[in-house]
Every structure is written in C-alpha cells, then in structure tokens.
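Working notes, structure below.
What follows is calculated from the coordinates using simple rules that are stated; it is not laboratory data. Computed from a prediction, not measured in an experiment: that's the story for all the values here. Neighbour counts run over all protein chains shown; Cβ positions are idealised from the backbone, glycine included.
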Amino acid sequence: MVLINDLTVVIVTYKTNDQILHECIQSILGKAKILVIENSDDKEFKFKYENKYPNLEVILTGSNLGYGAGNNKGINLVKSRYVLISNPDVIYENDFFSNLKTYIDSNTDFSIIGPMYRSRDYASHGFFDDLKKESFNNDTKINKNLTETHWIVGCTMFVDLDKFDNKNLFDENFFLFFEEFDLCRRVLNNGGKIFASKILYVKHLGHKGSVAVDPKYEKDSVFLRSWHWMWSSFYYYEKNFSYFYAIKSMYGKFFRSLIKMVYYRIFYNSIKFKMYHGRVSGIWNRLIGRKSWYRLKIN
C-alpha cells in the first residue's frame, strides 16, 4: 500500500543503533516517504542511509535538538498533508499502512490518531483527569474502529497538518518527555479530536531510540532520563496549571528522591544513586527557573 504522495514519516534519531533503525525503516519502506532528522552532524550517517534506501532523506541538525525541536524541524520540511511522527525504536505491523490509508481515503475528521500495542506492559493512550466528561464519545460515527481519547504516546502519532495553524507542533522548551501530553492538551483545548485506532498496531521497543542504549553510557543515560522526566514533569504542570501547582505536585517526589539518593550513595548502588540524583537535580533546576539544559556527553 503506497502512500508516497499523501504521507511522510518523520523519524528523529540521535546516533541510533543501526539494527534498531533498520528494523523501523524496513517496516515502512515502500509505503511512505521517510524523513530522518539526525540530531548531529554525522555526514557518514546521511550518506549511508540515503544511498541504502529509496524515498528516504536524512537531515542533519548539527546538534542534539531533542524530540520536540527535532520533530518540528522535520515537520516544517514535510510537503504532504499527513505526517506520521515515529520513534526509531518502533516496528510497524504489515497491515499498518493499508489500515492507515482508510482514514486518509475517508477524509476522517481528526487531529491526531495513535496506535495500539499488543503488549499490555504500558498504555498507548489515556485521559487527563481534569478534562474527563461524563458524556465522552468513545466511538465516531464515521469509523467504529476509532476510540476518542485525550492523549497518545509520542512514539507514533498520525497527524493531519491541515488541523494546525503552523507546523511547530511541539513546545521546544521540552527536550525529552511530556511533549506529546502538552501537544494533546493544546489540541483538546482548541477543539481538536484525538483518537486511538483499534486497527493500527505497532511494536515499541522503548528507550532504544538513541545512543543511550550503549552499555558504556548506562549510568549517564539513567541520569539523563531521570533528570528530564522530573524537569519536564515540573514544567508541564507549571505551564498548564501554575507554578504553585507544580510545586504541590512535585515536592513529595523531590524529598523522597533526595532521601533515596543519600541512601544509595551510602550503600554504594551507583545506578540507583544516579537515578535519584537525576530526579533531584531535574526538579531543582526547574524549580529555580532553569531551562532544560542537561545533555548526554558523548565521546
């Protein structure tokens, strides 16, 4: 099922493992145009992938922009109406694109559609407690295989760009985590529709989309994820509610993490220490108003 003229897949990478990226591309190849946004200046990477795969273009950003800014850069280069935002550690099932085409052909009214996971280890979509409605519409009249929802996990997001005023979809103050929740909340507040599809299935490997999967960066990547999870949590609450709401939501996590950080330092568990040190540092940096500055140092 070829969607070259209707759909562009945007994949943001950062020195991603070749095997993982190849598996993702192979599950898309021949079905849509692929635009890889590599958050570095790795010219060898660009040459290798553009020469190996047809209908694939690599854009080198020159620096690590993160998920939101990287996707914004890619989306601004997209010429098709529809874009599929994809993490590199996602594998698409064989009928994914033919099923996706049904939404394009029927001109389904949506802003964002997300997939389902066959594994139930974690949710692919969900609801914001403060936006729940008693009469929430669970299915559309147009297509009964769509379930209306509040948010979609950002690893795979099918987007109708005609429903947005501009192509800078993500708040670039986020570097990692919570970008999709912030985007989905804005879509809902502007009257847009978000769905989870009962016929679109993907396999999401999870936390394997960048160089951080390399064992030699294990401790640093634990710190990185913990730091940004907490910084982004605080910023998300601050932006969408208030600064004092963010403090109320995060102060318990801050003190619990501080206690555990000291505990694991005393008892020489370096991985756990890094995790809780990252949490404390991430919350503290946003609490005092600092931007999301921490990055993984790659040799």
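So here's what we get for this one:
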read-out	value
Violating pairs (Cα-Cα greater than 22 angstrom) within the set 203/253; 167/248; 15/79; 31/79	203/253; 167/248; 15/79
Potential lengthening between residue 266 and residue 220 on full extension [0.36 nm per residue; Cα-Cα distance subtracted]	14.6 nm
Exposure proxy order (Cβ contacts within 10 Å, fewest to most) of 263, 268	268, 263
Relative compactness, region 11-84, computed as alpha-carbon Rg over 2.2 N^0.38 Å	1.02
Counted charge near residue 69, where neighbours are those whose Cβ lies closer than 15 Å (Asp, Glu -1; Lys, Arg +1)	-2
Reciprocal of mean inverse Cα separation for region 37-156 (Kirkwood radius, Å)	17.1
Length gained when the stretch residue 244-residue 161 is fully extended (0.36 nm per residue, less Cα-Cα span)	26.4 nm
Length gained when the stretch residue 81-residue 109 is fully extended (0.36 nm per residue, less Cα-Cα span)	8.8 nm
Calculated FRET value between residue 258 and residue 297, using beta carbons and R₀ = 22 Å, to 0.05	0.35
Computed [θ] at 222 nm, deg cm²/dmol, the chain (DSSP H ≥ 4; -39,500 (n - 2.57); rounded to nearest 500)	-12500 deg cm²/dmol
